[in-house]
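Visitor: Below: one structure in structure tokens.
The values are calculated or read from the model by the stated rules, or taken from the named source; none is laboratory data. Predicted model, so just to flag it, every value in this text is computed and none were measured. Neighbour counts run over all protein chains shown; Cβ positions are idealised from the backbone, glycine included.
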Amino acid sequence: MSREKPVAKSKHKPADGGGVVSVASNRRAFHDYEVLEQFEAGIVLVGTEVKSLRNGHCQLVSAYARVEPDKDIALLISAEIPEYKNAGPLFQHAPQRDRRLLLHKREMASIRNSLRQKGTTLIPLRVYFKDGRAKVLLGVCRGKHDYDKRNVKKERDIKRQLSRYKG
């Protein structure tokens, strides 16, 4: 009779064995901006950044992304991934360094064309792990005016009231 060792369930992977594990979401971006297009990009990270992300530490509040006009390079700017506490001082990373994003050339060209419109910007909407690899969901966004925000809130309240009366 052979005994199989029990397989330890990792806290980093979902129960179904693959899929998406969310790390951080930029909820403020959905309030302040209208998302026109979305793109998925990989991130170039060092070891302690990956460990810090796996622990769920990341802030996207003031972060934005930029595609360099003359080169095919995309950068994630001012996204904060705090230092990994269990690593020694020699292995630490800079928390707010610029991180390179991995996109296909045609995606960069599409983003560049979208950013030529007046009032658009490239904002990270979410950081997550997809099949063990760190990804960023980028949105080409246009800023909302105050009256747009009020209209969205008004529509949400109306839907809530209707659902109460129906339910």
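Visitor: Within the range 119-129, identify whether any single residue is among the charged types (D, E, K, R) and out of contact with any Phe, Trp or Tyr (no Cβ under 8 Å at 6 or more places or on another chain), and answer yes or no. Steps first, answer last, please.
Guide: First pass over the range 119-129, keeping only residues among the charged types (D, E, K, R): 126.
Restricting the remaining residues to those that are out of contact with any Phe, Trp or Tyr (no Cβ under 8 Å at 6 or more places or on another chain) gives 126.
Yes: the range 119-129 contains one or more residues that are among the charged types (D, E, K, R) and out of contact with any Phe, Trp or Tyr (no Cβ under 8 Å at 6 or more places or on another chain).
Visitor: Would you mind finding the one in 126, 54 that is in contact with a Ser or Thr (Cβ under 8 Å, 6 or more places away or on another chain) and either over 23 Å from residue 24 (Cβ atoms) or among the basic types (Lys, Arg) (or both)? Spell out how you get there, then give the answer.
Guide: Numbers: 54 fails: in contact with a Ser or Thr (Cβ under 8 Å, 6 or more places away or on another chain).
Exactly one of 126, 54 is in contact with a Ser or Thr (Cβ under 8 Å, 6 or more places away or on another chain) and either over 23 Å from residue 24 (Cβ atoms) or among the basic types (Lys, Arg) (or both), namely 126.
Visitor: Which of the numbered conditions does residue 83 fail, given that it passes all the others? Conditions: (1) touching a residue at least 60 places away in the same chain (Cβ under 8 Å); (2) in contact with a Ser or Thr (Cβ under 9 Å, 6 or more places away or on another chain).
Guide: (1)
Visitor: Working only within the range 112-135, note down all residues that are among the small types (Gly, Ala, Ser) and in a strand (DSSP E or B).
Guide: In the first step, residues of the range 112-135 are kept if they are among the small types (Gly, Ala, Ser); the result is 114, 119, 132, 134.
Answer for the range 112-135, where residues must be among the small types (Gly, Ala, Ser) and in a strand (DSSP E or B): just 134.
Visitor: In the range 82-133, how many residues are modelled with pLDDT under 90, closer than 23 Å to residue 71 by Cβ and touching a helix residue (DSSP H, G or I) at 6+ places or on another chain (Cβ under 7 Å)?
Guide: 0
Visitor: Then there's this: Anything in the range 56-93 that is among the hydroxyl-bearing types (Ser, Thr, Tyr) and in a loop (DSSP other than H, G, I, E, B)? List them, or say none. Reasoning before the result, please.
Guide: Taking the range 56-93 as the starting set, the residues that turn out to be among the hydroxyl-bearing types (Ser, Thr, Tyr) are 62, 64, 78, 84.
62, 78, 84, listed by residue number.
Visitor: Let me ask something else. Restricting to the range 30-57, and then to whatever is surrounded by 20 or more Cβ atoms within 10 Å (Cβ to Cβ) and among the hydrophobic types (A, V, I, L, M, F, W, C), can you tell me which residue is modelled with the lowest pLDDT?
Guide: 53
Visitor: Separate question: From 126, 112, 116, grab the single residue that is under 22 Å from the mean Cα position of the chain (by Cα) and either loosely packed, with under 15 Cβ neighbours inside 10 Å or closer than 11 Å to residue 40 by Cα (or both). First the steps, then the outcome.
Guide: Details: 112 fails: either loosely packed, with under 15 Cβ neighbours inside 10 Å or closer than 11 Å to residue 40 by Cα (or both); 116 fails: under 22 Å from the mean Cα position of the chain (by Cα).
Criteria check complete, one pass: 126.
Visitor: Find the residue count for the range 15-55, including only residues that are among the β-branched types (Val, Ile, Thr) and part of a helix (DSSP H, G or I).
Guide: The first filter runs over the range 15-55 and keeps only residues among the β-branched types (Val, Ile, Thr), leaving 20-21, 23, 35, 43-44, 46, 48, 50.
Then drop every residue that is not part of a helix (DSSP H, G or I), which leaves 48, 50.
The total comes to 2.
Visitor: Among the residues of the range 62-73, write down those that are more than 20 Å from residue 21 (Cβ to Cβ) and either touching a residue at least 60 places away in the same chain (Cβ under 8 Å) or out of contact with any helix residue (DSSP H, G or I) (no Cβ under 6 Å at 6 or more places or on another chain) (or both).
Guide: 62, 64, 65, 66, 68, 69, 70, 71, 73
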